[in-house]
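First up is the structure itself, then whatever we jot down about it.
The values are calculated or read from the model by the stated rules, or taken from the named source; none is laboratory data. What you see is a predicted model; the values in this text were computed from it and never measured. Note that we place each Cβ from the backbone using ideal geometry, even for glycine, and neighbour counts take in every protein chain shown. For the accessible areas, the whole protein counts, side chains as well, though only heavy atoms, and no ligand, DNA or RNA atoms are used. Shrake-Rupley method; radii C 1.70, N 1.55, O 1.52, S 1.80 Å.
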Amino acid sequence: MSKKKILFPISLVIATAVGSFSLMGCQKIISADTVIYGTIMTANTNNPTATAIAIKDGKYIYVGDENGVKPYIDSNGTNIVDHRGKGMVMPGCTDGHSHYTMKFGMEKMKGGIMFDLKDDKASVLSKLNAATLKAKQAGKKTLFGFGWNYVALTNDPPTLRELDDNSNGISIIIFDQGGHHAFCNSECLRRSGIIDGKGGVLITKIDGGFLELDKNGYPTGYAEERVTGYMMRNGGIDYNELIDDEVAAASILDTQNLLLSTGYTMALDGWSNMFHPTKLYEAANRLDVGGYLKIVFPMTYEVEPWQKNISDEITTLVNLKKDYATKHVLLDYLKLFMDGVVETKTGAMMIPYKDGTDYKSFWSVDRLSDITRECNSKGVTVHAHVMGDAAIKETTDAYIQGGDKIHRNAMVHLRNVREEDFERIAKNNIACSAGITWHVDGGEGSYEYFSKFLDDKYINHSYPIKSFFNAGVKVSSHSDFPANNPSPQDPFGIISIGVTGQMIDSNTGKMLPVYDKDELISVEQAFEALTINGAWQLGLEKERGSIEVGKYADFVLADKDIFTCEASEIGNTKVVSTWFEGKNVFTAKPNVN
C-alpha cells in the first residue's frame with residue numbers, strides 16, 4: 001500500500017479526534033495557524049517522513065502529505081511556508097549537557113575572563129594581570145577564569161608566587177578548558193579557609209579532590225577536581241560580585257540566541273548554581289514569565305562529595321523548583337561528578353593507569369544509590385558526570401539499586417564502557433548523553449600523550465557511540481559547550497563528525513585522526529540522538545522531540561537535506577529558521593554573497 005493511501009484515512013481519524021472534519025461532508029471546522037511544505041523528517045519511527053504539517057495553537061494538528069493538509073488551510077488566515085526543494089524540515093534538537101550560561105555569563109561580568117587553548121604560561125599570566133587590574137578598577141575583589149590548556153600548562157604551570165604577582169591583590173580562580181582543574185592564588189586559598197591569614201595550611205584534603213602541595217606542605221596554587229567546587233562555595237569568590245540580575249538574564253538570552261541559530265530548542269544547563277546559588281534560576285523564571293524564553297531550558301543543581309548532608313541539598317532543589325520552575329524552566333536535575341577525566345588520570349578506571357595511579361570514584365555505590373532513591377521519590381532525576389569504566393559500572397549499579405524506571409537518571413560523557421554494562425544500561429532506562437564527536441583525536445600529539453598512561457584499548461575504543469545503539473541504549477547528544485573546544489556545538493557539525501569521523505583542528509588546520517572507526521554512526525542514528533532521544537533523556541518525549549500530532553511544534557528549516565546530500569556536506573548545513581511552539585523565533589539573515 002502506498003504512503004498516500006495510508007495517510008489519508010489516518011488524517012481523517014486524527015481530524016475527527018480534534019474536531020476538524022465532518023466525515024460525511026468533509027467540511028472544515030478548524031483551520032491551521034501555519035502550514036509547512038517540504039521534505040519533513042519527523043523522528044517518528046511510525047511515520048518517519050512527511051511532506052506537509054499543520055500547526056494550531058503551538059502544536060501539530062496534522063502530519064502527512066500535501067493533499068491531506070488542504071482541509072486545514074484557511075486562505076484568509078493560514079500562514080503558508082513553502083520549503084519544498086530548499087533542504088529539509090526536522091524537529092528542534094536537544095543539547096543533553098552544556099555550559100552556555102557559564103561562557104556568556106563570563107563575557108558579561110566584569111570579573112570574568114576566557115583563556116584560549118593557544119595560551120602558554122606567559123600569555124595566561126599577562127591576560128590575568130590585565131583582567132584583574134580591570135576588575136579591581138571596577139571595584140571588584142574577585143575574578144573567575146576559564147579555558148587554559150591542561151596539556152600545555154601542566155608541563156610548565158604558573159607558580160603560586162606568579163599567580164599572586166599577577167592578580168593585583170584580588171581573589172582569583174581560573175579553570176582549565178574541561179572545568180576540572182584550576183589555578184588559584186593565595187587570596188582565594190585564604191578566603192575559602194584552606195590557609196589562614198598568616199599562611200598556615202588549615203586543609204590539605206577534601207573529599208573528591210586533590211590540592212597540590214609543594215615539598216614543604218604548602219599549596220602550589222593548583223587544585224584538582226572537587227577542591228575547585230569547595231573554593232567556589234566557601235568564599236573563594238564572591239558570588240554577588242560576579243553575577244547580578246542583569247548578567248544572569250543576559251547570559252540566558254545569549255544562550256538562547258546561539259541555540260536557536262544553530263537548531264536547538266532544548267538544552268540542559270550543567271552549571272546553574274556554581275556562579276550564584278539562585279541568580280540564574282531567578283532570571284530564567286523572570287524571562288519565561290515575561291514571555292522572553294523561546295526554548296525549553298532544563299537547569300541542574302550541583303552537589304559535592306564533601307558536603308555532609310545531601311538530603312538538605314535535595315530539599316533545596318525541591319524548593320527551588322517550587323519557586324522558579326515554569327513550563328519551560330525545568331528544575332528537575334541533581335548534578336554530581338562521579339569521577340574526573342582520563343586526561344589527568346582522575347577518571348575512575350577498572351585497571352590502574354600505567355604509572356600506578358588508581359583514582360577512585362568520588363561517591364560510593366551505596367551513597368549514590370541512597371541519593372538516587374531520595375531524588376526519584378521527590379520527582380528529581382540524577383545527572384552524573386562519569387568518564388572511566390569503573391565510574392560507569394558503579395553509577396549503573398547505584399541507579400539500578402536506588403532508581404526507578406520512570407525517571408531518566410543520566411550518565412554524561414561515558415568514555416570507556418565495559419561490554420557487560422551496555423545491556424544493563426539499556427534494560428534499566430538509564431539515559432546516556434554522549435559526545436558524538438569525541439571518538440575523534442583531540443589534536444596533534446594526543447595519542448602520544450594518552451599512550452604514556454593508558455592501555456591502547458582505553459585509547460582506541462574510547463567513546464562507544466555505535467555500540468550504544470547496537471545495545472539498544474537511548475543515547476542522546478551533548479556538546480559540553482564550551483568545554484569541548486574545538487569541536488563544533490551545532491547539530492549539523494556534530495552529525496558530520498559522528499558520521500564521517502572527519503574534523504579539522506581549528507588550531508592547526510589539519511585533519512584529526514579517528515580513534516575507533518567502528519564507532520562511527522549513521523546519519524539516522526545521529527539524527528535520533530539529537531532529536532527524540534534528547535527529549536527522552538529529559539522525560540519530554542511525549543511532548544517534544546519529534547514531529548507528531550499533539551506534540552509542540554518545535555522544528556527547524558535547514559538549507560540541506562542531510563539524508564541525501566554528500567556526507568562531507570552535512571557539516572555545512574545552515575539553519576534557515578527555527579520555530580518554537582509554532583512561532584518563528586529565529587530567521588537567518590540572507591546571504592548577500
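The number of residues in segment 507-566 that are of a type in the set (D, E, K, R), assigned to a helix (DSSP H, G or I), at pLDDT 95 or above and surrounded by 18 or more Cβ atoms within 10 Å (Cβ to Cβ) comes to 1.
When T265 is tested against the conditions (1) under 30 Å from V585 (Cβ atoms); (2) among the hydroxyl-bearing types (S, T, Y); (3) open to solvent by less than 10 Å² (accessible area, probe 1.4 Å); (4) part of a helix (DSSP H, G or I), the lone failure is (4). For segment 68-116, the set of residues classified as at pLDDT 95 or above and among the aliphatic types (A, V, I, L, M) consists of V69, I73, I80, V81, M88, V89, M90, listed by residue number. Residues in segment 180-215 that are of a type in the set (G, A, S) and surrounded by fewer than 21 Cβ atoms within 10 Å (Cβ to Cβ): S186, G193, G197, G199, G200. Residues that are open to solvent by less than 20 Å² (accessible area, probe 1.4 Å) and either out of contact with any helix residue (DSSP H, G or I) (no Cβ under 9 Å at 6 or more places or on another chain) or under 23 Å from M232 (Cβ atoms) (or both) within segment 277-287 comprise L280, Y281, A283, A284, listed in sequence order. Sub-8 Å Cβ pairs linking a first residue in segment 164-179 that is open to solvent by 40 Å² or more (accessible area, probe 1.4 Å) to a second residue that is of a type in the set (D, E, K, R), at least 6 apart or interchain, are D164/E187; N168/K136; G169/K136; G169/E187, ordered by first then second residue.
If you filter segment 216-261 down to residues that are among the hydroxyl-bearing types (S, T, Y) and either open to solvent by 60 Å² or more (accessible area, probe 1.4 Å) or in contact with a strand residue (DSSP E or B) (Cβ under 7 Å, 6 or more places away or on another chain) (or both), you find that the one that is nearest to G145 (Cα to Cα) is T228.
Taking the criterion of being open to solvent by 60 Å² or more (accessible area, probe 1.4 Å) and within 30 Å of K327 (Cα to Cα), the residues of segment 567-593 that qualify are K574, K583, N584, T587, K589.
Scanning segment 107-150 for residues that are closer than 24 Å to R191 by Cβ and part of a loop (DSSP other than H, G, I, E, B) returns M109, K110, G111, F115, A138, G139, K140, K141. Taken over segment 363-387, the criterion of being within 22 Å of M299 (Cβ to Cβ) and either outside any helix (DSSP H, G or I) or at pLDDT below 95 (or both) is satisfied by W363, K378, G379, V380, T381, V382, H383, A384, H385, V386.
Among residues of segment 311-323 that are within 17 Å of R367 (Cβ to Cβ), those with a beta-carbon under 8 Å from a residue that is in a helix (DSSP H, G or I) and charged (D, E, K, R) at least six positions away or on a different chain give the pairs S311/E374; I314/E374.
Per-residue answers, yes or no, for (1) under 25 Å from P482 (Cβ atoms); (2) among the polar types (S, T, N, Q); (3) touching a helix residue (DSSP H, G or I) at 6+ places or on another chain (Cβ under 7 Å); (4) not in a helix (DSSP H, G or I):
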residue: I55; (1), (2), (3), (4): no, no, no, yes
residue: Y62; (1), (2), (3), (4): no, no, yes, yes
residue: D74; (1), (2), (3), (4): no, no, no, yes
residue: G85; (1), (2), (3), (4): no, no, no, yes
residue: T94; (1), (2), (3), (4): yes, yes, yes, yes
residue: H97; (1), (2), (3), (4): yes, no, no, yes
residue: M102; (1), (2), (3), (4): yes, no, no, no
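Of K141, K136, all but one fail to be free of Cβ contacts under 8 Å to residues at least 40 places away in the same chain, surrounded by fewer than 24 Cβ atoms within 10 Å (Cβ to Cβ) and of a type outside the set (G, A, S); the exception is K136. Please indicate, with yes or no, whether at least one residue in segment 344-359 is under 19 Å from T94 (Cα atoms), among the hydroxyl-bearing types (S, T, Y) and buried (at least 20 other Cβ atoms within 10 Å of the Cβ). No: zero hits.
Every listed requirement among (1) touching a strand residue (DSSP E or B) at 6+ places or on another chain (Cβ under 7 Å); (2) over 30 Å from T154 (Cα atoms); (3) outside any helix (DSSP H, G or I) is met by L320 save one, (3).
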